[in-house]
1. So which of ALA129, ALA55 is in a loop (DSSP other than H, G, I, E, B) and away from the ligand (no atom under 16 Å from the Cβ)?
2. Do you know which residues across the range 132-162 are of a type in the set (S, T, N, Q) and within 16 Å of the ligand (Cβ to nearest atom)?
3. If you take the residues in the range 115-152 that are polar (S, T, N, Q) and surrounded by 14 or more Cβ atoms within 10 Å (Cβ to Cβ), which one is farthest from LEU50 (Cα to Cα)?
4. Checking the conditions here, which among SER103, SER109 is more than 15 Å from the chain's Cα centre (by Cα) and either open to solvent by less than 70 Å² (accessible area, probe 1.4 Å) or at pLDDT 95 or above (or both)?
5. Just one of the numbered conditions (1) within 16 Å of the ligand (Cβ to nearest atom); (2) open to solvent by less than 10 Å² (accessible area, probe 1.4 Å) is not true of LEU66; which one?
6. Among HIS165, HIS121, HIS88, which is the only one that is at pLDDT 95 or above, within 16 Å of the ligand (Cβ to nearest atom) and touching a Lys or Arg at 6+ places or on another chain (Cβ under 8 Å)?
7. If I filter the range 82-93 for residues that are open to solvent by 20 Å² or more (accessible area, probe 1.4 Å), under 16 Å from VAL151 (Cβ atoms) and of a type outside the set (Lys, Arg), do I get at least one hit?
Amino acid sequence: MRSTIFSRNLGLAAFAAAIVLLAAALAGGSGLVVPAMAQASAPKVAGAWLRLPAASGRPAAGYFELSATPGDALVAASSPRAGRIELHSMTSVDGVMRMRAESQFEVPSSGRLSFAPGGNHLMLFDLAAGLKPGDRVPVTLRFASGAEVTVNAEARAPATSGHQH
Ligand SMILES: [Cu+2]
């Protein structure tokens, strides 16, 4: 008798898993990587782009709009076209804007976090040679929740002023 109940519960679990997989398949093509455990609110990234460096050998800066579950945190980023990516914030020190490497960016209660020129950004070091405006650069963002999102960031021309980020 016990084993009958056990197997019925297993059947229900398999059915629920199938529904989740079906939903994921229907939502496919959005560019999101569905994490192993389906979540109430997977992170979404919109408008991702990169500012190419004015001189080769210099890092590029990456920007995007993030919406995710409050309390989750962006903890890492990587790209097959960059040797490494750091998470940077901008702070004003004695009236001078300085960037600083952060170990993570926690998602605030609004559920939204902006990465934009003059503020938070990704810093992409050791860029692949030959990147030019209009190229699409895959960037994978990793979250404390275990979620991963890969976006194709559009490479844009270097800034004409001295301000790179
Ligand atoms: Cu930076």
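1. After applying the criteria, what remains is ALA129.
2. SER161
3. Going through the qualifying residues, I end up with SER145.
4. SER109
5. The number of the failed condition is (1).
6. After applying the criteria, what remains is HIS88.
7. Within the range 82-93, one or more residues are open to solvent by 20 Å² or more (accessible area, probe 1.4 Å), under 16 Å from VAL151 (Cβ atoms) and of a type outside the set (Lys, Arg).
The values are calculated or read from the model by the stated rules, or taken from the named source; none is laboratory data. All figures in this text were calculated on a predicted structure; none of them were measured in a lab. All Cβ positions, glycine included, derive from the backbone under ideal geometry; neighbour counts span all protein chains shown. To get the accessible areas, we keep the full protein, side chains included, count just its heavy atoms, and leave off ligands, DNA and RNA. Shrake-Rupley method; radii C 1.70, N 1.55, O 1.52, S 1.80 Å.
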